[in-house]
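Working notes, structure below.
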């Protein structure tokens, strides 16, 4: 990518040349010539410009991906694709500090988090590198007359569209990139308009590693324009989407044109359940950071915190004390625990819910304010805890996507399971207890794609996670995820003479 002017001091030079799309191995402007501001949420400043891709640009990208899929890339062996992924991993680690800095500037997460994420992404890449032999052929016994051999092939689907969220794009792209490169598919990535810079920077790394032209294409732009065009495109065989349930519905409708496959990770309002017998020294920080991590901007955050009534008062007091120890600030500064929300729009949304809570009878235990002073130009909110919340309140029903905990008291296992499952979502859940019986009963009783016991939010790519109900469908991670980028083909071969 070429710089048009000198980069500001302290900013990666790459940011000055980010206003291009990556299509067919070339950096090209959007056909319209239009651009979008990339905003640093810590101070509201414009740090770069993004190309505003449209349906015409998506057409170009899909054509490039199809050409690459049908070209020499289709003849790469599993060993060659594995070596490619391992080269990418090496380059990820070499550029770790630059990538973490770009991610922090673009979407606000503290450097401690974005640096730590690099190691997790490395593990994700190495997992997909272990899966390059997934496109297998097996023989099956059959009961057909004569001498007929039956083979079952797994073959790459083709062109995959990956619509990536803004709450961790550097890692989020790998749920599409990983299985694409492992199986021999090709892809078109549509990053969120709020945070696309780390994905654009990574395109150069993919090229340096030896990814052939057109195998990976990137079209930035608005979801309603470029994202909608990608979801509806007849040349796309599968869409992998992470985002809101509302947007997920639109993607399902758009996919009907060519009945493309879908993998959807949508919204959540996950229950996190603390029993009186739990180790509070672990449960308090664990439950707090199940929400405050990434400033609450994680789909499976445990925002409905159910606390057994006998320890409710003590637990809330400890939550307040723990919240007071967290440093909120610009993620580029040392010691910051919580960065800003992603945008003014998201700030307004979160503060709207903070206003609604007391009006519906919840008690504001701590937080609830937008931070001013030196942070006034950014989108910062205090870590917030509401107490005495009922399951019918808006803050307990709707996804806030901010650092806001709702504490709901409960009495028994039956009571809490009824309330935990009284939601349209089913992405995550948590249980804190010393009782093995309780852990089994409640983890099996929560209807969600993932449940954590005495921990929260840890994900291993070899195991994965997914959602049920309005939280979507399809699995991220494990062999099942890789297999979803393949289709099955039966071959019946008469070998008589």
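Which members of segment 462-476 meet the condition of being assigned to a loop (DSSP other than H, G, I, E, B) and surrounded by fewer than 22 Cβ atoms within 10 Å (Cβ to Cβ)? Spell out how you get there, then give the answer.
Quick first cut of segment 462-476, residues assigned to a loop (DSSP other than H, G, I, E, B) only: 462-464, 467-468, 474.
Across segment 462-476, the qualifying residues are 462, 463, 464, 468, 474.
For segment 436-452, name all the residues that are in contact with a helix residue (DSSP H, G or I) (Cβ under 9 Å, 6 or more places away or on another chain) and either surrounded by 18 or more Cβ atoms within 10 Å (Cβ to Cβ) or over 13 Å from residue 268 (Cα atoms) (or both). Before you say what the answer is, go through the steps one by one.
Narrowing segment 436-452 to residues in contact with a helix residue (DSSP H, G or I) (Cβ under 9 Å, 6 or more places away or on another chain): 438, 441-442, 445-449, 451-452.
Listed by number, the residues that qualify are 438, 441, 442, 445, 446, 448, 449, 451, 452.
Matching residues to (1) over 18 Å from residue 305 (Cβ atoms); (2) over 19 Å from the mean Cα position of the chain (by Cα); (3) modelled with pLDDT of 95 or more; (4) not assigned by TED's automatic domain parsing to the domain that holds residue 237:
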| site | (1), (2), (3), (4) |
| --- | --- |
| 426 | no, no, yes, yes |
| 448 | no, no, yes, yes |
| 452 | no, no, yes, yes |
| 456 | no, no, yes, yes |
| 484 | yes, no, yes, no |
| 496 | yes, yes, no, yes |
Look at residue 37 and say whether it is modelled with pLDDT of 95 or more, surrounded by fewer than 23 Cβ atoms within 10 Å (Cβ to Cβ) and on the phi < 0 side of the Ramachandran plot.
-> yes
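From 126, 201, grab the single residue that is closer than 21 Å to residue 477 by Cβ and outside any loop (DSSP other than H, G, I, E, B).
Details: 201 fails: closer than 21 Å to residue 477 by Cβ.
Answer to the selection: 126.
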Filtered residues of segment 311-332 (kept if in contact with a helix residue (DSSP H, G or I) (Cβ under 9 Å, 6 or more places away or on another chain), outside any strand (DSSP E or B) and in contact (Cβ under 8 Å) with a residue 24 or more places away in the chain) = 311, 314, 315, 318, 319, 322, 323, 326, 329, 330, 331, 332
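Being at negative phi, at pLDDT 95 or above and in the same structural domain as residue 238 (by TED's automatic domain parsing) is the requirement here; does residue 468 meet it?
Values: at negative phi: yes; at pLDDT 95 or above: yes; in the same structural domain as residue 238 (by TED's automatic domain parsing): no.
Here the answer is no, as residue 468 does not meet what is asked.
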Among 43, 59, 37, which is the only one that is in the same structural domain as residue 228 (by TED's automatic domain parsing), part of a helix (DSSP H, G or I) and either touching a residue at least 40 places away in the same chain (Cβ under 8 Å) or under 30 Å from residue 293 (Cβ atoms) (or both)?
-> 59
Which residues, taken from segment 413-459, are assigned to a helix (DSSP H, G or I) and touching a residue at least 24 places away in the same chain (Cβ under 8 Å)?
-> 413, 416, 417, 419, 420, 438, 441, 442, 445
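The values are calculated or read from the model by the stated rules, or taken from the named source; none is laboratory data. Remember, it's a predicted structure, so these values are computed and weren't measured experimentally. Quick reminder, even Gly has a Cβ in these numbers, built from the backbone with ideal geometry, and neighbours come from all protein chains shown.
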